[in-house]
2 protein chains.
Amino acid sequence: ESYKKQESAHPSDPYFAEPTRHPALQINSQKPFNAEPPVSILTDSYITPSAVFFKRNHLPVPRVVSETYKLEIEGLPGGAVSLTLSELKSRFPKHTVTATLQCAGNRRSDMNKVKQVKGLNWGIAAIGNATWSGARLRDVLLYYGFGPDVAAKARHVQFEGLDRDVTGTSYGASIPLNKAVSEEGDVLLAYEMNGEELPADHGYPVRVVAPGIVGARNVKWLGRIVVSDEESKSHWQQNDYKGFSPGTDWDTVDFKSAPAIQELPIQSAITHPAEGMSVDSNAGEVTVKGYAWSGGGREVLRVDVSVDGGNTWHVAKLRTSDEHNPALPPSPGRAWAWKLWEIDIPLPDKAQELQIVCKAVDSSYNVQPESSAPIWNLRGVLSNAWHRVKVKVSEDHKDN
Amino acid sequence: ESYKKQESAHPSDPYFAEPTRHPALQINSQKPFNAEPPVSILTDSYITPSAVFFKRNHLPVPRVVSETYKLEIEGLPGGAVSLTLSELKSRFPKHTVTATLQCAGNRRSDMNKVKQVKGLNWGIAAIGNATWSGARLRDVLLYYGFGPDVAAKARHVQFEGLDRDVTGTSYGASIPLNKAVSEEGDVLLAYEMNGEELPADHGYPVRVVAPGIVGARNVKWLGRIVVSDEESKSHWQQNDYKGFSPGTDWDTVDFKSAPAIQELPIQSAITHPAEGMSVDSNAGEVTVKGYAWSGGGREVLRVDVSVDGGNTWHVAKLRTSDEHNPALPPSPGRAWAWKLWEIDIPLPDKAQELQIVCKAVDSSYNVQPESSAPIWNLRGVLSNAWHRVKVKVSEDHKDN
Ligand SMILES: [Mo]
Ligand SMILES: [Mo]
């Protein structure tokens, strides 16, 4: 069910095991498959349906058979461990966390407008919010002997995917050990997304969900965990997914000079109205909607919205959970899920065009930067400037 | 020694117990005493000397006699505890943490240039970096019975100072419980600053040092600790030290709508050259220096410096510790101390004026906002826009 072979692909094609995908997805790359939902549906529900949750694959989707799946764990006392899927499910309590995942390249297209960067040209929808269920990584590591002796030497937890390139190299990444073992880190070895087994595109049968951390470290199709004094040696940890100064370009970049991205900065974007839409001047006001989220479990405190390019600001109403499943406020530092926001703003007198802008504030009172040029970086990651949408005001068009 | 009575004050004056202060301090308010060091000396040393460390008093300095000092602790099993200074020192291991404290109002003067705000007109020096030694708050709370039973109900740790207003109301503040009891929170009940007993202006004999948290919660002259399900009821927790939208002013503000500031956002500023200085065009370059720091233990990753108003950027060299006491790199989330930075930037051809700008990036890749207007707030707190300094380039003046 969650694994669907494309009938047309030949097994000699490394992409023979790709699942079928939702036709509404907007495809940035076919092989590996990378796609985001249309902006018009992104914030229709607080929980993003799995079928339209952004897909960010670095390599072909691996064909994993649950009956023979093994998760290997290294770097703990007693040597290597090998765990079946049913052992993972039965030996450890099942925890559920609602967490937003965002690609480091979300909104890269805004950065491309400043100066061309290298990477998939993501719009604003390489972000989604889901419920994830699985074993807590902390519980698994403690069960297999993690303790002060290991903590004295180790600093990182490395993850290796079962997805491989043509040379046999796996996707890999790591997170800091203290995030992995903290009681408040909520890192999962997830085997369910939105109440069902993980879809093939989201890591079936087991993936890492490290809430508050960039998507790239939430390794899918998890094959191996290594507790280590070193970060993952993978290309994606060492030579990608890092931020640089706008003054640094490919001729001068030293990837060792920047740390791997872990927590992401404050982010927000407008999902309604869309760029170029017309707003009815007779309505007297415009309804603006969007999402806001911050990394590291920092809660979104406030979203300011402007219809005059940022001269005057209005405070949006925040929605913190599924209407049907109201949630308790998150405890400090554990706000893993996005907030959806909405506001009706009076139309300025005689305005013929609106420059709608949003900017969010998180619980550390960090804010989004005003424009993309000062945060431009050669990989086009961390694109979190104020989001801007231009719409016309007219009496004729009534598509708001 | 650390407590020096001003001989001229009469005991009926609530300010009778004010200590003598360093003459170099720039005074923003005499009663209560609020002062910052001259910018020219702020980054002369990695550790800020106590005498010139910014003073931010809300009330008169209380006269506390160490022999009769008692620290009260409430909200733990077994009822109220009363602890002498020698008990605090002997019963709990002494820990030392190097931590930067910053006033929420640091750089308020930049915000005042946008539109008048309420508060002391701090420059860029309401920040300092010191070594603090004392008992860990966590150790004290655990010793007096903190455990899962308390954690199930409590959410905050309240602090009450021994400083009082004319009605007898004490200064007070609180921090989240998880910060207070975390092994990685490093919250101290400090009785030493820079290797000596606390000076009177910095909380003699005992103060809270909550690294990564706004200065206002680092309560001085600590008299009482209350573990509670509620935040401090004090004016400073409830109706002050909160951030609001630029669209919110005194006629519309609802202090309940924003959470109390705890962690501060990313900050940096230029300490050399000073505004209006002349740079020698024959030197061919200009040396720029400053500080950078972020709240929540987030490490400063990079400081970008521009001499052309932010069009082109150069990456500064960071200094992470005292040259004479090189420190290990901080573990993730525990970078409590500032970084000093320095860079030599070539003078642009034929430039007659330089617009020097700095902006820092922290380990969550949060950045400073470009200008103050979009973060303007009625109390003028959280002023962390790019810092800008204008200097002249000339052949005559050689004061660089
Ligand atoms: Mo990503
Ligand atoms: Mo402050």
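The conditions are (1) open to solvent by 10 Å² or more (accessible area, probe 1.4 Å); (2) within 14 Å of another protein chain (Cβ to nearest Cβ); (3) within 14 Å of ligand 2 (Cβ to nearest atom), and B:LYS115 fails exactly one of them. Which is it?
Failing condition for B:LYS115: (3).
Counting just the residues of the stretch A:31-61 that are open to solvent by 20 Å² or more (accessible area, probe 1.4 Å) and under 18 Å from A:TYR171 (Cβ atoms), which one comes out nearest to the chain's Cα centre (by Cα)?
A:ARG56
Considering only the stretch A:159-203, state which residues are under 17 Å from A:SER232 (Cα atoms) and in contact with a His (Cβ under 9 Å, 6 or more places away or on another chain).
If the condition is that a residue be under 17 Å from A:SER232 (Cα atoms) and in contact with a His (Cβ under 9 Å, 6 or more places away or on another chain), then A:GLY161, A:ASP163, A:ASP165, A:THR169, A:TYR171, A:GLY172, A:SER174, A:ILE175, A:PRO176, A:LEU177, A:ALA180 are the ones that fit.
Of the conditions (1) open to solvent by less than 20 Å² (accessible area, probe 1.4 Å); (2) more than 8 Å from chain A (Cβ to nearest Cβ); (3) touching a residue at least 60 places away in the same chain (Cβ under 8 Å); (4) under 29 Å from A:LYS179 (Cα atoms), B:ALA337 fails just one. Which one is it?
(1)
Could you tell me which numbered condition B:PRO348 fails, if it satisfies all but one of (1) at negative phi; (2) in contact with a Phe, Trp or Tyr (Cβ under 9 Å, 6 or more places away or on another chain)?
Here B:PRO348 meets the rest and fails (2).
Give me a count of the residues in the stretch A:195-226 that are more than 16 Å from ligand 1 (Cβ to nearest atom), open to solvent by less than 10 Å² (accessible area, probe 1.4 Å) and either out of contact with any strand residue (DSSP E or B) (no Cβ under 8 Å at 6 or more places or on another chain) or hydrophobic (A, V, I, L, M, F, W, C) (or both).
Of the residues in the stretch A:195-226, 5 are more than 16 Å from ligand 1 (Cβ to nearest atom), open to solvent by less than 10 Å² (accessible area, probe 1.4 Å) and either out of contact with any strand residue (DSSP E or B) (no Cβ under 8 Å at 6 or more places or on another chain) or hydrophobic (A, V, I, L, M, F, W, C) (or both).
Is the stretch B:263-285 home to any residue that is touching a residue at least 60 places away in the same chain (Cβ under 8 Å), open to solvent by 10 Å² or more (accessible area, probe 1.4 Å) and within 12 Å of chain A (Cβ to nearest Cβ)?
For the stretch B:263-285, residues touching a residue at least 60 places away in the same chain (Cβ under 8 Å), open to solvent by 10 Å² or more (accessible area, probe 1.4 Å) and within 12 Å of chain A (Cβ to nearest Cβ): absent.
Only one of B:LEU189, B:LEU141 is part of a helix (DSSP H, G or I), of a type outside the set (Val, Ile, Thr) and open to solvent by less than 10 Å² (accessible area, probe 1.4 Å). Can you tell me which?
B:LEU141 is the lone residue from the list that is part of a helix (DSSP H, G or I), of a type outside the set (Val, Ile, Thr) and open to solvent by less than 10 Å² (accessible area, probe 1.4 Å).
Looking at the stretch B:111-130, can you tell me whether even one residue there is assigned to a helix (DSSP H, G or I) and under 30 Å from B:ASP229 (Cα atoms)?
No, there is no match, as no residue in the stretch B:111-130 is assigned to a helix (DSSP H, G or I) and under 30 Å from B:ASP229 (Cα atoms).
Could you list, in sequence order, all residues of the stretch A:235-261 that are open to solvent by 30 Å² or more (accessible area, probe 1.4 Å) and either acidic (Asp, Glu) or within 21 Å of A:ALA151 (Cβ to Cβ) (or both)?
Matches in the stretch A:235-261: A:ASP249, A:ASP251, A:ASP254, A:PRO259.
Starting from residues that are crowded, with 20+ Cβ neighbours inside 10 Å and either assigned to a loop (DSSP other than H, G, I, E, B) or more than 16 Å from ligand 1 (Cβ to nearest atom) (or both), keep the ones in the stretch A:89-109 and report whichever is nearest to the other protein chains (Cβ to nearest Cβ).
Among residues in the stretch A:89-109 that are crowded, with 20+ Cβ neighbours inside 10 Å and either assigned to a loop (DSSP other than H, G, I, E, B) or more than 16 Å from ligand 1 (Cβ to nearest atom) (or both), the one nearest to the other protein chains (Cβ to nearest Cβ) is A:ALA104.
Among the residues of the stretch A:169-176, is any surrounded by fewer than 20 Cβ atoms within 10 Å (Cβ to Cβ), in a loop (DSSP other than H, G, I, E, B), away from every other protein chain (no Cβ under 14 Å) and modelled with pLDDT of 95 or more?
Yes, the stretch A:169-176 contains at least one residue that is surrounded by fewer than 20 Cβ atoms within 10 Å (Cβ to Cβ), in a loop (DSSP other than H, G, I, E, B), away from every other protein chain (no Cβ under 14 Å) and modelled with pLDDT of 95 or more.
Taking the condition within 16 Å of ligand 1 (Cβ to nearest atom), crowded, with 22+ Cβ neighbours inside 10 Å, small (Gly, Ala, Ser) and within 14 Å of chain B (Cβ to nearest Cβ), does A:SER232 pass?
It is false that A:SER232 is within 16 Å of ligand 1 (Cβ to nearest atom), crowded, with 22+ Cβ neighbours inside 10 Å, small (Gly, Ala, Ser) and within 14 Å of chain B (Cβ to nearest Cβ).
Does B:ALA274 satisfy the criteria of being out of contact with any Asp or Glu (no Cβ under 8 Å at 6 or more places or on another chain), modelled with pLDDT of 95 or more and small (Gly, Ala, Ser)?
Yes: the conditions hold for B:ALA274.
Scan the stretch B:348-368 for residues that are open to solvent by 30 Å² or more (accessible area, probe 1.4 Å) and over 25 Å from A:ASN377 (Cβ atoms) and jot them down.
B:ASP349, B:LYS350, B:GLN352, B:GLU353
Filter the stretch B:303-337 for residues that are aliphatic (A, V, I, L, M) and modelled with pLDDT under 95 and give the result.
Within the stretch B:303-337, B:ALA327, B:LEU328 qualify.
Collect the residues in the stretch A:305-334 that are within 14 Å of chain B (Cβ to nearest Cβ), open to solvent by 50 Å² or more (accessible area, probe 1.4 Å) and part of a loop (DSSP other than H, G, I, E, B), keeping them in residue-number order.
Of everything in the stretch A:305-334, those that are within 14 Å of chain B (Cβ to nearest Cβ), open to solvent by 50 Å² or more (accessible area, probe 1.4 Å) and part of a loop (DSSP other than H, G, I, E, B) turn out to be A:ASN311, A:THR312, A:THR320, A:LEU328, A:PRO329, A:PRO332, A:ARG334.
With respect to B:ASP201, determine if the residue is away from chain A (no Cβ under 11 Å), assigned to a loop (DSSP other than H, G, I, E, B) and acidic (Asp, Glu).
Answer is no for this residue.
Of all residues in the stretch A:154-186, which are over 29 Å from A:LYS31 (Cα atoms) and free of Cβ contacts under 8 Å to residues at least 60 places away in the same chain?
Selection gives A:LEU177, A:ASN178, A:ALA180, A:VAL181, A:SER182, A:GLU183, A:GLY185.
Here are some conditions: (1) more than 10 Å from every other protein chain (Cβ to nearest Cβ); (2) within 16 Å of B:ASN366 (Cα to Cα); (3) assigned to a strand (DSSP E or B). B:GLY297 meets all but one. Which one does it not meet?
For B:GLY297, the failing item is (3).
May I ask you to list the residues in the stretch A:49-60 that are away from ligand 1 (no atom under 16 Å from the Cβ) and in a loop (DSSP other than H, G, I, E, B)?
Passing the criteria: A:PRO49, A:PRO60.
Search the stretch B:369-393 for residues that are open to solvent by 10 Å² or more (accessible area, probe 1.4 Å) and away from ligand 1 (no atom under 16 Å from the Cβ) and pair each with any residue that is of a type in the set (S, T, N, Q) and in a strand (DSSP E or B) when their beta-carbon atoms are under 6 Å apart and the residues are at least 6 apart or on different chains.
Close Cβ pairs satisfying both conditions: B:LYS390/B:GLN355; B:LYS392/B:SER278.
Which of the residues belonging to the stretch B:144-168 are assigned to a loop (DSSP other than H, G, I, E, B) and open to solvent by 50 Å² or more (accessible area, probe 1.4 Å)?
B:ARG155, B:ASP165, B:VAL166, B:THR167 - these are the residues of the stretch B:144-168 that are assigned to a loop (DSSP other than H, G, I, E, B) and open to solvent by 50 Å² or more (accessible area, probe 1.4 Å).
Please list, ordered by first then second residue, the pairs with beta carbon atoms under 7 Å, 6 or more apart or interchain, first in the stretch B:211-227 and under 15 Å from B:VAL97 (Cα atoms), second among the β-branched types (Val, Ile, Thr) and surrounded by fewer than 24 Cβ atoms within 10 Å (Cβ to Cβ).
What qualifies is B:PRO211/B:VAL97.
Which condition from (1) closer than 30 Å to B:ALA360 by Cβ; (2) outside any helix (DSSP H, G or I); (3) basic (Lys, Arg) is the one that A:LYS256 breaks?
Here A:LYS256 meets the rest and fails (2).
Restrict the check to the stretch B:366-375 and report whether at least one residue is more than 7 Å from chain A (Cβ to nearest Cβ) and in a helix (DSSP H, G or I).
yes
Of the residues B:ALA385, B:ALA351, which single one is part of a loop (DSSP other than H, G, I, E, B) and within 24 Å of the chain's Cα centre (by Cα)?
None of the other options fit; the residue is B:ALA385.
The values are calculated or read from the model by the stated rules, or taken from the named source; none is laboratory data. Fair warning: this is a prediction, and the values are worked out from it, not measured in the lab. Cβ coordinates were reconstructed from backbone atoms using ideal geometry, including for glycine residues, and neighbour counts include every protein chain displayed. When the accessible area is computed, the model is the full protein with side chains, heavy atoms only, and any ligands, DNA or RNA have been set aside. Shrake-Rupley method; radii C 1.70, N 1.55, O 1.52, S 1.80 Å.
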